[in-house]
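Scroll down for the structure; my scribbles are underneath it.
The values are calculated or read from the model by the stated rules, or taken from the named source; none is laboratory data. Nothing here was measured: the structure is a model prediction, and the numbers come from that model. Don't worry about glycine lacking a Cβ; one is built from the backbone with ideal geometry, like all the others, and counts go over all protein chains shown. Heads up: the accessible areas ignore ligands, DNA and RNA and are worked out on the full protein's heavy atoms, side chains in. Shrake-Rupley method; radii C 1.70, N 1.55, O 1.52, S 1.80 Å.
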Amino acid sequence: MRFTPLLLLTVCCGLFLSTAETQAETWPQFRGADGSGVSSETNLPTKWSAQEGMLWSVDLPGRANSSPAITVKRVDLTTKTPDNGLWILSFDRKTGQQLLKVKVGTGELAAPGPRNLWEHRHNAATPTPMSDEENIWAFFGSGLLVCVDAASGGIVWQKDMVKDYGAYDITFGMGSTPRLWNNLLIVTCMTKGPSYVVAFDKETGKEVWKANRKLPAEKDGADAYSTPTIFQRGDQTELLVSGSDHVNAYDPATGKQLWIAGGLDIPSPFGRIIAAPVANKEMIIATSGNPGGGGLGYIKAFKQGGTGDITKSGLIWKFDTATPDASTPLIMNDKLYMVSQNGVATCLNLSDGKPVWKKRVNGQYFSALVGGDNKVYFLSIEGLCTVIDAKTGEVIAENQLPGTFYSTPAISDGIIYLRSFDKLYAIKGK
């Protein structure tokens, strides 16, 4: 073939566009690929409203709290309809056009706790899906674990976790999100009954390893609704799991426990853990329960690189004022950012746990914190997203959207995706 200047220009432009699309940062599961909640992108949105700064928005069937999972071309979600239908939904990330709507089963939560304490907050579609370019994996509080072909919507494999591993005995129903890592899909279950961490081959659903995790904890302290985090420490990869009054690390390839730390119990029968652990190269941050913002909770920092039981030997500092209950903290710029349920935002020095700043943000907070571009995003249940300068603590903007927001924002290719109970927003800002 003879390459004319015009043809060469066309080929080069095509290659550039293809490479740019491929290299766009994805957010394929809860709080990103590793669970840190930190985006490496710049020029992230600051100001928006329902009328301005919106790339697109779409109405969603049913109601759910699952957060968006973002691939190069798709935004994936789950939902539950009033007939107990469990669904996987996909949208084109650029246009919002629906690509997939597939019903993968039916079911609801088995939750012995009083319905008035949980049914207005979450349901069987609380866990966030996990995605790559070919498949979508979804876990539901009913125990359904399913892999779906992203192009056709066909079910590749599925499992009934209750049938295979035992019925859930957890007060407010199963709500933990699995973690996708390399070729494994890792599921945690921490309840008064069966408690374990299990890894499946993501392509076949075959069990690769299982580690029992029955740890001493009183009453609801045995329950956890947290999501595991992946942390790369030098050549060692750690799967961090928090629940049942302990935080510990596994080798995600084998399930071997690397270290464990206890002491996350609180003087309450309702001491369940919801927030995920977070880490950097020096330390691991574990958050105890703080039900109702009652002032019983705290955060503990443990030294990285420990082995065995590091409950005492690895403890660096403890902080116990206005700590989160459900909201997972954020590590960024050698600082720890957090928000209590009733809206007290705090920044701590990571090295010693000393407060850098504290301020009130309006509303109630269950959504985990995310950040990037020296911004931290605080999303309230009522749809107010306060953007705070990570370095100075100054409020950059307050952005209000209609709806009820328990899910956590996703960030990809300069767009922030927010999911309310029944609507998905793609925000480019103004």
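So how many Lys-Lys pairs in the stretch 333-418 land under 15 Å Cα to Cα, not counting same-chain pairs under 8 apart? Spell out each step's value before the answer.
On the way: Lys335/Lys354; Lys335/Lys358; Lys335/Lys375; Lys335/Lys391; Lys358/Lys391; Lys359/Lys391; Lys375/Lys391.
Total qualifying Lys-Lys pairs in the stretch 333-418 comes to 7.
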So what's Rg/Rh here for the chain, counting alpha carbon atoms and using the Kirkwood radius for Rh? 0.96
Computed [θ] at 222 nm, deg cm²/dmol, the chain (DSSP H ≥ 4; -39,500 (n - 2.57); rounded to nearest 500): -1500 deg cm²/dmol
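How big is D for the stretch 28-173, in µm² s⁻¹ as a whole number, if Stokes-Einstein is applied with the Kirkwood radius of its Cα pairs at 4 °C and 1.567 mPa s?
Reported coefficient: 79 µm²/s.
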Kirkwood-based Rg/Rh on the Cα set of the stretch 105-246 evaluates to 0.96
The chain, accessible area per residue, ligands and nucleic acids excluded (1.4 Å, Å²): 39 Å²
Within 10 Å, count the other beta carbons around each residue, average over each peptide in 196-203, 115-122, 363-370, 221-228, and list them highest first. 221-228, 363-370, 196-203, 115-122
Proximal charge balance of Gly221 [Cβ under 11 Å; K/R count +1, D/E count -1]: -2
Carbon and sulfur atoms account, in whole percent of the 1.4 Å probe accessible area of the chain, for 51 percent
Rounded to the nearest 0.05, what FRET efficiency do Gln232 and Arg115 give with R0 = 45 Å and r taken as the Cβ-Cβ distance? Could you check? 0.60
Please report the Cα spread of the stretch 84-156 along all three principal axes, rounded to whole Å, starting with the longest. 40, 26, 18
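Would you mind counting up the charge near Lys192? Only other residues with Cβ under 15 Å from its Cβ, with Lys and Arg at +1 and Asp and Glu at -1.
-2
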Rel. contact order, % - alpha carbon contacts under 8 angstrom, at least six apart, the chain: 16 percent
The relative contact order of the stretch 357-422, taking Cα pairs under 8 Å that sit 6 or more residues apart, comes to a percentage of 26 percent
